[in-house]
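Scroll down for the structure; my scribbles are underneath it.
The values are calculated or read from the model by the stated rules, or taken from the named source; none is laboratory data. Worth saying up front: this structure is predicted, and the values here are computed from it rather than measured. Note that each Cβ is placed from the backbone with ideal geometry, even for glycine, and that neighbours are counted across all protein chains shown. When the accessible area is computed, the model is the full protein with side chains, heavy atoms only, and any ligands, DNA or RNA have been set aside. Shrake-Rupley method; radii C 1.70, N 1.55, O 1.52, S 1.80 Å.
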Amino acid sequence: MRETSFIRQNQQKWETFEQEFEKNADPEKVSNLFIQITDDLSYARTYYPNRSVKIYLNNLAQRVFRTIYTNRVRPRTKFKLFWTQELPQNLYASRRTLFFTLALFIVAFAIGVFSSMHDPGFARFILGDDYIKMTEENIQSGDPMKVYKDSGEFNMFFSIALNNLWVSFLTMAFGLFFGFGTAYFILYNGIMIGAFQYFFIERGLFAESFLTIWVHGALEVSAIVIAGAAGMTLGRGLLFPGTLTRMQSFRVNGLHAIQIYLGITPIIILAAINESFLTRYTETPDWVRLTLISVEFIFMYMYFVHIPRRRAKSGVAIKKPYDEIPYIQEPEISFNRIKTNGQIFSDSFSIFRKYFWPALSFMVILTVIYTGIFVLFVEHFDSISHTINILRTMAVFEARSDIRHMLNYQHVFDFTKDQGEHLLKPGAVLFLMNTCVMSLITLFGLYIIKLVKEKNSPYKTRAFFAFVLKHSWKALGLFLLLHSVLLLDVKIKYLLFLGLLPFILVIIAAAILDRSFFTTHLSTAFRYIIQIELLFWPLALLTLTLSCLSHSVIAQMNVTLLSWNFPFKERVYEAIQDLSITCMLMLTLFMMIGMMAVNMGLLLFSNKEIDTASDLISRVEHINQNKRPVHES
């Protein structure tokens, strides 16, 4: 086509685009015209590279580009956009969750008040003897709010701010337990605040306590409730994914929850400032304090409820990148590739995710059986002693001590005589039980690897038991040898046990999953000792970290919820606490041993590929077969 004909054919379209662009008319129409102009520009560059029409179209396209580039969202604009648009939009999307969390908190607050009215000792039970005693002494001295004046302002600020940020984070993060963890935190805080407030009402100090506590409590308690809404949003995404996959729903709702948590962070810090620097001035006129409390409540309502609702009604919506949910393809696990430890770790999580419910069911049943045998035949409640350390350093030592205690095989070959019958010592019972349990868990991990190799075959309990019967002798024999290391009278026996554990897992995987590799190439596995240990020890550290939670938040939740609802004696509470910690500790260990078995099984196939290069040879042969012969013409 000649240039003149090209111009005459498209001139009207170009002029229309210029007019529409200048008027900022219908964006969809301008967008369609812009696409056509860039097509014309490509055509002109090809057929009229040195003509004026190419320059004209290039300038026209550049004008649009410069406009878009000039108006891009800059960092300061993004910061403003978050607080004025994105956060209100997320809050409106979670409005029902927020109202539910607020209702749950109000119910919990009422429970705290009602329980304190009918049980004089309830406040002491919830708040603790020391705190009640200190407060009563302050009331007798004529300064009931003295607790807010004892510490220095700055020290008080930092301790309160960090504590409240951490509590709010846990309130949100425990939404991962399908929202039940978040509900626990909201119930606990609501009941505690209700009991605390009624404690002063009962002594005729309602006005003074309200005007003092809620100077900072208006912001602090509101922030805790909003953090609960973030946690419930997280749990809702896991429970009710809708048309999305569960992972997609978790991703979207998780980002929403994190944004809501970031939104309350300044509120929590401001509440800590109020509590540290303002609350202590109890001689401030009542009307000033009441005004400050009212302003704080009005601000929380306006920003976190009214503004999101008003913006939603006005039709303002910000399109965020994570709202465009990408298609999440199930990762294909390859068994004939050389992989890094990071890739092996990622693949093992993918395998566990595919068979999560069978794995969880199996581990829970095993935990219940193990704990029952442990309590009945190894160590009775009278001699078990656990301490709940709420996320403190002592929890690490408690968890480590308990794990070592589970591997204590003293007097394993001795017998006790009870009424004429010879019985095994607790150490022998523990030795046999640990050997059998580790064998079962390892076989479960290898079985789900086998299912993945068979193109993600479904899990069948009967097939798993057949697998166990066929291969259990291999695992039992090797684990008997491994646990025999703990019978040695050497100081490093526990370290030696952990160092040998990954090699035992690799050997069992080789014997069961790939017998040819076991008989011909297993000796080369010791050449990869560094890779094996580098894969194992992060898993061991993760196991210890998760075990610490058994001595902190999770165990505390179980014991506290039971103590609220069942009036047992103190010795019964101790037994429940010990049982709860033992169950959580063993479930954590069992899950992580299964994860280790899967990791070592995948590492086996990676090392096999290094030694045999079977996949590389196969691909080279495939290329050679597909080569076409070149014939001379």
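Within the stretch 440-464, which residues are basic (Lys, Arg) and in a helix (DSSP H, G or I)?
Listed by number, the residues that qualify are LYS450, LYS453, ARG462.
I'd like the residue in the stretch 227-246 that is open to solvent by 10 Å² or more (accessible area, probe 1.4 Å) and assigned to a helix (DSSP H, G or I) and, out of all such residues, is farthest from ASP119 (Cα to Cα).
Among them, the one singled out is ARG246.
If I filter the stretch 439-456 down to residues being touching a Leu at 6+ places or on another chain (Cβ under 9 Å) and open to solvent by 20 Å² or more (accessible area, probe 1.4 Å), which single residue comes out as nearest to THR371 (Cα to Cα)?
Only one residue tops the list, namely LEU440.
Looking at GLN140, GLN85, can you tell me which residue is surrounded by fewer than 17 Cβ atoms within 10 Å (Cβ to Cβ) and touching a residue at least 24 places away in the same chain (Cβ under 8 Å)?
GLN85
Under 6 Å between Cβ atoms, at least 6 apart or on separate chains: pull out the pairs that start in the stretch 119-136 with a residue that is at negative phi and touching a residue at least 40 places away in the same chain (Cβ under 8 Å) and end on any residue that is surrounded by 13 or more Cβ atoms within 10 Å (Cβ to Cβ) and among the basic types (Lys, Arg).
ILE132/ARG124
What number of residues within the stretch 161-197 satisfy the criterion of being open to solvent by 40 Å² or more (accessible area, probe 1.4 Å) and among the aromatic types (Phe, Trp, Tyr)?
Total satisfying the criteria: 6.
Could you list all residues from the stretch 339-366 that are exposed (fewer than 13 other Cβ atoms within 10 Å of the Cβ), over 20 Å from the mean Cα position of the chain (by Cα) and closer than 26 Å to GLU533 by Cα?
THR340
Going by the structure shown, is LEU219 assigned to a helix (DSSP H, G or I) and open to solvent by 70 Å² or more (accessible area, probe 1.4 Å)?
Against the criterion (assigned to a helix (DSSP H, G or I) and open to solvent by 70 Å² or more (accessible area, probe 1.4 Å)), LEU219 does not qualify.
Got a sec? Which of PHE200, PHE210 is of a type in the set (Phe, Trp, Tyr), buried (at least 21 other Cβ atoms within 10 Å of the Cβ) and part of a helix (DSSP H, G or I)?
Step by step, each of PHE200, PHE210 is checked, and only PHE200 is of a type in the set (Phe, Trp, Tyr), buried (at least 21 other Cβ atoms within 10 Å of the Cβ) and part of a helix (DSSP H, G or I).
I'd like the full set of residues that are closer than 23 Å to ALA227 by Cβ, in a helix (DSSP H, G or I) and either among the polar types (S, T, N, Q) or touching a His at 6+ places or on another chain (Cβ under 8 Å) (or both), limited to the stretch 274-293.
Correct list: ASN274, GLU275, SER276, LEU278.
Here is a check on your reading of the model: is LEU91 touching a residue at least 60 places away in the same chain (Cβ under 8 Å) and touching a Leu at 6+ places or on another chain (Cβ under 9 Å)?
Spelling it out, LEU91 is indeed touching a residue at least 60 places away in the same chain (Cβ under 8 Å) and touching a Leu at 6+ places or on another chain (Cβ under 9 Å).
Looking only at the stretch 31-53, decide whether some residue is of a type in the set (Lys, Arg) and modelled with pLDDT under 80.
Among the residues of the stretch 31-53, at least one is of a type in the set (Lys, Arg) and modelled with pLDDT under 80, which makes the answer yes.
Looking at the stretch 143-160 only, could you name the residues that are hydrophobic (A, V, I, L, M, F, W, C) and either surrounded by fewer than 18 Cβ atoms within 10 Å (Cβ to Cβ) or outside any helix (DSSP H, G or I) (or both)?
MET145, VAL147, PHE154, PHE158, listed by residue number.
Given the residues GLY152, GLY181, GLY121, which is the only one that is out of contact with any helix residue (DSSP H, G or I) (no Cβ under 9 Å at 6 or more places or on another chain) and of a type outside the set (A, V, I, L, M, F, W, C)?
GLY121
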